[in-house]
1. Cα centroids of region 62-90 and region 174-203: how far apart, whole angstrom?
2. Taking the Cα centre of region 36-174 as origin, sum charge times position over the Cβ atoms of Lys and Arg (+1) and Asp and Glu (-1), and report the length of that vector in debye to the nearest 20.
3. Give the long-range amide H neighbours of SER63: residues separated by 5 or more places, or on another chain, with amide H under 5 Å away, using H modelled in the peptide plane at 1.01 Å from N.
4. Compute the accessible area per residue over the chain, keeping the other protein chains in place, probe 1.4 Å, unit Å².
5. Quick one: divide the alpha-carbon radius of gyration of the chain by 2.2 N^0.38 Å and tell me what you get.
6. So what's the back-of-envelope 222 nm ellipticity for the chain, counting only DSSP H runs of four-plus at -39500 (n - 2.57) apiece and dividing by all residues, rounded to 500?
7. Filter the trypsin sites (Lys or Arg not before Pro) in region 44-92 to those in DSSP coil with at most 15 other Cβ atoms within 10 Å of their Cβ, and list the result.
8. FRET efficiency for VAL167 and VAL88, Cβ-Cβ distance as r, R0 = 30 Å, nearest 0.05?
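The values are calculated or read from the model by the stated rules, or taken from the named source; none is laboratory data. In this text, all values refer to a predicted model and were calculated from it rather than measured experimentally. Virtual Cβ from ideal backbone geometry, glycine too; neighbours counted across all protein chains shown. Accessible surface areas use protein heavy atoms only, side chains included; no ligands, DNA or RNA. Shrake-Rupley method; radii C 1.70, N 1.55, O 1.52, S 1.80 Å.
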Amino acid sequence: MTGSHRRLALLGDVHGNAAALRGVLEAVDALGITAGASTGDLVMRGMEPEACIALLRRRGWPSTMGNTDLKVATRAARRPDDPKARRVGSRSWTTNRLDAEDLAWLAARPMISRVDLAGRRVVVMHGGPEDPRDAVDEATPDGELAALAASIEADVVVMGHIHRQMVRRAGGALFINPGSVGEAVDGDRRPRWAWLEAGPHGLAVHLEVVERELATVRQT
């Protein structure tokens, strides 16, 4: 994404849930926000991976590589008649649902994306800059956060993976997790997302909830 924006929609952890993604995108459009970015985990475990890819590709927003995206895009699928491949939402089931173009698009997702927000350097990733499974959460020490922001030259770091909304500050940088669009971890099935606004007094983070039970509940 090129150019500078003043409002940026943030979403991620869709997990193949097209209904929840549509709900979030409707909320984004209602606010008139035209720029956005995804933290990844767009596919796997949900029933409509191809629809989720189509919805995000249509927007042209940057989307980073999530750990489930990486599994689907880079591992060979089991035969469709394999019992594990018949399980809806599984890695092989998801891979077999996607065509070559969608798989190529998914495989091309970067580990980090960079967006300019009114001159602020926003870096989007799923977990860590080199491994999407490297979670940043409420317990991550401030020193680690500050070192991370410095290493990737970011004023704002946007992450997913933990499925919980979070805003923290460390080392002069802002850290945001918009929460999960498609998959709840606490039984609350309302999709989560966030948006970032550059105003005259600095950056403002808005954590949003779609008031519809569209997310699935992940079974642990």
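1. Here the answer is 26 Å between Cα centres.
2. Using only the charged Cβ atoms, the result is roughly 480 debye.
3. Those qualifying (amide H under 5 Å, at least 5 residues apart or on another chain) are SER38.
4. Details: 9950 Å² over 220 residues.
For the chain, the per-residue accessible area is 45 Å².
5. Working: Rg = 16.6 Å, N = 220, 2.2 N^0.38 = 17.1 Å.
So the Cα radius of gyration is 0.97 times the expected 2.2 N^0.38 Å.
6. On the way: 6 runs with 57 residues, N = 220.
The per-residue figure over the chain is -7500 deg cm²/dmol.
7. Numbers: sites: ARG45, ARG57, ARG58, ARG59, LYS71, ARG75, ARG78, LYS84, ARG86, ARG87, ARG91; in loops: ARG45, ARG75, ARG78, LYS84, ARG86, ARG87.
Those satisfying the criteria are ARG75, LYS84, ARG86, ARG87.
8. Working: r = 34 Å, r/R0 = 1.15.
Calculated value: 0.30.
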